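Undergrad: Quick one: the structure is below, and I'll ask about it shortly.
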Amino acid sequence: MDIVQSFLFSIGRCNLTIYEQRILCMIVKSARNRTARKLIKSEMYAWNVDEDNLAISVAMRDILSEGDQHYERVMDAFQRLMTRRFSIIDSSNGSWFSTPIVYNVTHDARSGVVHFYVAAKLMGAILDFSKGYRQYSIDTALALPSPVAVRLYILMCGCSSPLTFSVDDLKSMFGVDDKYKQTADFIKKVIEPARKILDDEGVTSFHFERMKAGRKVTAIKFYPIRRDELSDAQRAAKISTSIYLNKDIQIFLMRVAGFSLRELSAHKVLLDGISKIPECMSIVADICGRAAKRGKSKGYIISAMRSELESWKRYSDL
């Protein structure tokens, strides 16, 4: 099963154990299911949501690897996640919101199921596609043995162009700011082992390049290597519309806005034009966000994209 999470959520800063990372994947899966059932349609792309919490239930066996019987490690991961904070800060006025990642965790003896709550605003962060998103196989993510490998796998999935992160940002992302004083040690003990895992598993992986300022390595550029199979939607779309439409926009409109392949094919010229606009993905995400919050139909999305294209053409001709 493929699931989708925001790029912003994908680059969150936290040092996670493998079990904590798997629990986060299950939370993202729950967000996907809720979106599919349209239970929180009005909250998509929105930070300001009405509900305070959302109940989730997860089977322990879905978090454990095959043959892994360490249920106590799963409960320990839930305990750790209850101490980790998720925060939102509005830089425009200084207001903020903070919550544990999970809370009110319950496990009935011998049930094999954990019940817990997450804040609705955390779901909002998972579904905030204003800066892009990542679509990945949850089965693959849950099977990987390293939390760093999981996070880099998620970041590389569906990415067609290189990603560059400063070394400091990467250390913060993986929660090892103070652990590796030498960049060479960080690369050797964090980045390279994760790449080896992805290569050995035969899934989406990466090459990387050290970026230098003078003689000092200050950043790492990742070049995604796509190895996993296309989803059914991607495979069908690739056959009939790939020459007209940016792949990321196509998947986004199908997965998030509910367009069918037939509906997209009816607007090939428009979509081909939209895909030529710089920052086209952010524009489409913003349009779909407005449509979701206002309860508008697909026709609104098409009309808004047409207006954006016409405005861009007028500006380009100046």
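The values are calculated or read from the model by the stated rules, or taken from the named source; none is laboratory data. Remember, it's a predicted structure, so these values are computed and weren't measured experimentally. Cβ atoms come from the backbone with ideal geometry, glycine included; neighbour counts cover every protein chain shown. Note: accessible area is taken over every heavy atom of the protein model, side chains too, but ligands, DNA and RNA are not part of it. Shrake-Rupley method; radii C 1.70, N 1.55, O 1.52, S 1.80 Å.
Undergrad: Can you tell me which of F208, F186, F129, F165 is touching a residue at least 40 places away in the same chain (Cβ under 8 Å), out of contact with any Ser or Thr (no Cβ under 6 Å at 6 or more places or on another chain) and over 19 Å from M1 (Cα atoms)?
TA: On the way: F208 fails: touching a residue at least 40 places away in the same chain (Cβ under 8 Å); F186 fails: touching a residue at least 40 places away in the same chain (Cβ under 8 Å); F129 fails: out of contact with any Ser or Thr (no Cβ under 6 Å at 6 or more places or on another chain).
From the options F208, F186, F129, F165, the qualifying one is F165.
Undergrad: State all residues of the stretch 297-318 that are surrounded by 15 or more Cβ atoms within 10 Å (Cβ to Cβ) and under 22 Å from V4 (Cα atoms); if no residue qualifies, say none.
TA: Hits for the stretch 297-318 are K298, I301.
Undergrad: In the stretch 269-299, how many residues are polar (S, T, N, Q) and not in a loop (DSSP other than H, G, I, E, B)?
TA: Taking the stretch 269-299 as the starting set, the residues that turn out to be polar (S, T, N, Q) are 275, 282, 297.
Then keep just the ones that are not in a loop (DSSP other than H, G, I, E, B); that gives 282.
Number of matching residues: 1.
Undergrad: Right, here's the next one. Identify the residue in the stretch 200-228 that is over 20 Å from K188 (Cβ atoms) and in contact with a helix residue (DSSP H, G or I) (Cβ under 7 Å, 6 or more places away or on another chain) and, among all such residues, is surrounded by the fewest Cβ atoms within 10 Å (Cβ to Cβ).
TA: Within the stretch 200-228, the match that is surrounded by the fewest Cβ atoms within 10 Å (Cβ to Cβ) is D228.
Undergrad: K188 - would you say it is modelled with pLDDT of 90 or more and either open to solvent by 40 Å² or more (accessible area, probe 1.4 Å) or over 15 Å from C14 (Cα atoms) (or both)?
TA: Values: modelled with pLDDT of 90 or more: yes; either open to solvent by 40 Å² or more (accessible area, probe 1.4 Å) or over 15 Å from C14 (Cα atoms) (or both): yes.
When the stated conditions are applied, K188 passes them.
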